[in-house]
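Undergrad: Below you'll find the structure I mean.
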Amino acid sequence: MSSSWISMNHFLAEPKALRFAMRKAAARVIDSCRYVLDRECEKFEQRWCQTCGSRFGIGTGNGLDALEIALRALRIGPGDEVITTSMTAFATVLAILRAGAIPVLADIEPGTAVLAPESVQRCLTSRTRAVLLVHLYGRLARMDFWRDWCSSHNIALIEDCAQAHLACWQGSRAGSFGVISAFSFYPTKNLGALGDAGMIVTSDPELARRAAMLRNYGSEQRGQHPEAGVNSRLDEIQAAILLERLPWLEDFTRRRRAVASAYGQGIRNPQVQLPPQPEEESAHVHHLYVICCDSRLALAEHLRRHGIESAMHYPLPIHFQRPCADLPRDPQGLVYAEQHASSCLSLPCHPQMNQMEIARVIDTVNDFAR
Ligand SMILES: Cc1ncc(COP(=O)(O)O)c(C=O)c1O
């Protein structure tokens, strides 16, 4: 990799103080000789749920498990339907399948690519138990609507916050709107560990109790297993790393916003559609900066030739994935999800980007001609 290569993430460029603190944290855990579900995990669970404005945090092995356990904590399973978007990471839908429930795929809004209310309305049946709302790319939208709509239909609102750490809607943070919510701390997420990690947050004590039981083989008391749970515990070493990274998150989020704002102002190419501005700045944490372009493969190649990485989130909507081909969906189809999947392209947008790199991305996108 040449030094001028601009990648989607650049961990080595993170502040030296942070990298030093992570090494010390790892040493602290090694010397403690306590490696699973202990003090670091408890401390991080407490810090993170407080940060989100929720009462309880339950650390898990990853974000997929956090979603599955959240569904199972709500006793959502065989015969139950969960409405979600077809434009998301496969894990969102896999979690519903693993809980034994039926994912029902709704379409997205054309600009923001988040779940479209009219489409969700068309997916509603007497078997609907929940809406699994994905804050795609880090954007919170219409949270007051979703809360009201779910409660008026007596169904649970579950948030998939894997991409939305610290995103805020009218003063409340992602994770605090749903009855139960799931986070991923996969390394590339806005708050990332050095391996897999996740967390469930909720303010409901019974859901918290069930989630803590389900992540630990369905056990609350040693040797007693009232339910068949899973093994999905948050390692002490990952919790310790996350505790060190947490104080940096606000500043890193500001830097992501600065990159997105520069792109929004600087990218001017009639072949490229930019993501719409959020209603309030705090509602978007820009986990990903995703543009749309009909000739996105040519644009990706143009960027690569100029030393800039890009990616696709996601090249196929969920209903084009083989295990999901027969899933129930909006009877009017999933046209916007299909359009978005065929034209989306993610540009580098991470906290370690400098002004020259940002300017290079802007100029290179602007220079692109079909
Ligand atoms: C929207 C969304 N949901 C769920 C997940 C699953 O998280 P994990 O990779 O930690 O299992 C991810 C991560 O890729 C994601 O982006």
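Undergrad: Could you tell me whether any residue of the range 221-243 is in a strand (DSSP E or B), surrounded by fewer than 22 Cβ atoms within 10 Å (Cβ to Cβ) and among the polar types (S, T, N, Q)?
TA: Yes, the range 221-243 contains at least one residue that is in a strand (DSSP E or B), surrounded by fewer than 22 Cβ atoms within 10 Å (Cβ to Cβ) and among the polar types (S, T, N, Q).
Undergrad: Could you list, in sequence order, all residues of the range 163-192 that are in a loop (DSSP other than H, G, I, E, B), more than 12 Å from the ligand (Cβ to nearest atom) and more than 19 Å from I96 (Cα to Cα)?
TA: Just the residues of the range 163-192 that are in a loop (DSSP other than H, G, I, E, B), to begin with: 163-167, 170-171, 174-179, 185-192.
From the residues that got through so far, the ones that are more than 12 Å from the ligand (Cβ to nearest atom) too are 166-167, 170-171, 175-179.
Residues satisfying the conditions are L166, A167, Q170, G171, S176, F177.
This table checks each residue for (1) within 16 Å of the ligand (Cβ to nearest atom); (2) assigned to a helix (DSSP H, G or I); (3) assigned by TED's automatic domain parsing to the domain that holds P275.
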position: R72; (1), (2), (3): yes, yes, no
position: L94; (1), (2), (3): yes, yes, no
position: G100; (1), (2), (3): no, no, no
position: T112; (1), (2), (3): yes, no, no
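Undergrad: Please verify whether R129 is of a type in the set (D, E, K, R), in a strand (DSSP E or B) and more than 12 Å from the ligand (Cβ to nearest atom), treating the condition exactly as stated.
TA: yes
Undergrad: If you take the residues of the range 281-317 that are in contact with a Lys or Arg (Cβ under 9 Å, 6 or more places away or on another chain) and β-branched (V, I, T), which of them is surrounded by the most Cβ atoms within 10 Å (Cβ to Cβ)?
TA: Among residues in the range 281-317 that are in contact with a Lys or Arg (Cβ under 9 Å, 6 or more places away or on another chain) and β-branched (V, I, T), the one surrounded by the most Cβ atoms within 10 Å (Cβ to Cβ) is V285.
Undergrad: Somewhere in the range 225-239, is a residue away from the ligand (no atom under 11 Å from the Cβ), closer than 15 Å to R72 by Cβ and in contact with a His (Cβ under 6 Å, 6 or more places away or on another chain)?
TA: no
Undergrad: Take the residues of the range 37-75 that are out of contact with any strand residue (DSSP E or B) (no Cβ under 6 Å at 6 or more places or on another chain) and more than 18 Å from R210 (Cα to Cα): which is surrounded by the fewest Cβ atoms within 10 Å (Cβ to Cβ)?
TA: Ranking the candidates gives Q50 first.
Let's see how each residue does on (1) of a type outside the set (S, T, Y); (2) surrounded by fewer than 22 Cβ atoms within 10 Å (Cβ to Cβ):
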| site | (1), (2) |
| --- | --- |
| V82 | yes, no |
| A89 | yes, yes |
| I108 | yes, no |
| V114 | yes, yes |
| S119 | no, no |
| R139 | yes, no |
| R147 | yes, yes |
| S152 | no, yes |
| G171 | yes, yes |
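Undergrad: Please determine, by comparing only the residues of the range 11-64 that are within 16 Å of the ligand (Cβ to nearest atom) and in a loop (DSSP other than H, G, I, E, B), which one is farthest from G198 (Cα to Cα).
TA: G61
The values are calculated or read from the model by the stated rules, or taken from the named source; none is laboratory data. For clarity, every value in this text was computed on a predicted model and none was experimentally measured. Cβ coordinates were reconstructed from backbone atoms using ideal geometry, including for glycine residues, and neighbour counts include every protein chain displayed.
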